[in-house]
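Report on the structure given below.
The values are calculated or read from the model by the stated rules, or taken from the named source; none is laboratory data. If you're wondering where the values come from, they're calculated on a predicted model, not measured in any experiment. Here the Cβ is made from the backbone with ideal geometry for all residues, glycine too, and neighbour counts use every protein chain on show.
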Amino acid sequence: MSGVQLIDNADVGETSAPGIGFALVPTDISIPTMSVTLNWWPTGCNQPHDVSPENWTDTASGRALAQLGCGQTPDSFNVWVDSNPYYSWNVSSILLQGDGRSSISFRPEQTFDTTHNFTWISVEESLAFRRQHSISAWYPFDKYTVTTTLEVFSGDNSTSLPISFLHLYGGLSGYNLAIKSIDHVRTSRTDQALYVVFTIQRCIGVKLFALTIFLTDYSLAAAMVWVAVCAHFGRPLPESVLFLPITNILLLPQLRASMPGVPDFGMFMDLFGYYVNILAIVFSAMFMFFKIVGGRYRGHRVHGHSDSDVESTWFDHSASSAEKPNAFLLTTIDNVKIEKVCATVEHIEHADAESPA
């Protein structure tokens, strides 16, 4: 509760009159239903005396409010939200100590919940802009506006009470709810009503995580494009490389779904990221597929030419061998004739040597 600041009610002429302060915390923020649920804790300020529990100042919240002169009010009051009676506090329900000057404890009945729908038309957007784009299309930088009107009256609704402070003391994981402005407004019942404007944005952690996933998608797509380019200028690729783009195509939807609170398809991160990356990976996969098929076709053609060349060489050699049998036979015949002549000459010489002189 530190940082509580009192609202300046000088404009309505109520600077020290008894009033009511509100501490609030969001309990639910739903982007699909475009609504926020707030839990309010009203407490009295500038009261003639309060009936806060004895251990009121033992807590940090109690000490902060006590320094502002705020505590549990001894009077009944009614709270109107958005022109409707919403909450009534009856002082008779307080459980008092024996001295009658302090209560025993706080109970859940002293808080109440309200649900507010997001405001679609704001001063920051034109009607043409609202027609062209949805707020959620700017995820994770989408920003929403919630407005409400608060009025406080005495128990019999006869007297309006000033609102002393409005303090947001908690939040929800993933969102940043802040009070943008507080203005005094006049209604048909009182001139001390407050018009409060809240803003809802994604917290820093959600933005960083979504951007990290966004850049990861681009990195995966760039890697697939690089593999396809290297395949074009480098060695032929094995068939197993096709598992890379298929895996990435199945992985990208899972990465998108892991973004916290991501809207349906159609936001700007899809148009400039998811769709582009999917197309890049698909075209890379097709290029690698045709590269592999083309390499296998060229390989079959090369092997076919090699086999035909071998066969043609064998047939040419067979043909040339078949064309030269006569020369081989002629050489053989000549050798036989020469051997016969030599044998005849040796026989004659041997016979002459044995004849008597």
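When the residues of the range 254-308 are narrowed to those that are loosely packed, with under 12 Cβ neighbours inside 10 Å, over 15 Å from residue 140 (Cβ atoms) and modelled with pLDDT of 90 or more, which ends up farthest from the chain's Cα centre (by Cα)?
Going through the qualifying residues, I end up with 279.
For the range 211-223, check the following and say yes or no: at least one residue is farther than 25 Å from residue 287 by Cα, outside the structural domain of residue 37 (by TED's automatic domain parsing) and surrounded by 14 or more Cβ atoms within 10 Å (Cβ to Cβ).
Yes: the range 211-223 contains one or more residues that are farther than 25 Å from residue 287 by Cα, outside the structural domain of residue 37 (by TED's automatic domain parsing) and surrounded by 14 or more Cβ atoms within 10 Å (Cβ to Cβ).
Could you please find all residues in the range 144-171 being surrounded by fewer than 18 Cβ atoms within 10 Å (Cβ to Cβ) and at pLDDT 90 or above?
Listed by number, the residues that qualify are 147, 148, 149.
In the range 240-253, how many residues are under 14 Å from the mean Cα position of the chain (by Cα) and among the aliphatic types (A, V, I, L, M)?
Going through the range 240-253 one residue at a time, the tally reaches 2.
Results for (1) among the aromatic types (Phe, Trp, Tyr); (2) within 19 Å of residue 31 (Cβ to Cβ); (3) touching a Cys at 6+ places or on another chain (Cβ under 9 Å), shown as yes or no for each residue.
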position: 152; (1), (2), (3): no, no, no
position: 159; (1), (2), (3): no, no, no
position: 165; (1), (2), (3): yes, no, yes
position: 205; (1), (2), (3): no, yes, no
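Return the residue satisfying two criteria in turn: it lies in the range 28-82 and is at pLDDT 70 or above and small (Gly, Ala, Ser), and of such residues it is farthest from residue 110 (Cα to Cα).
30
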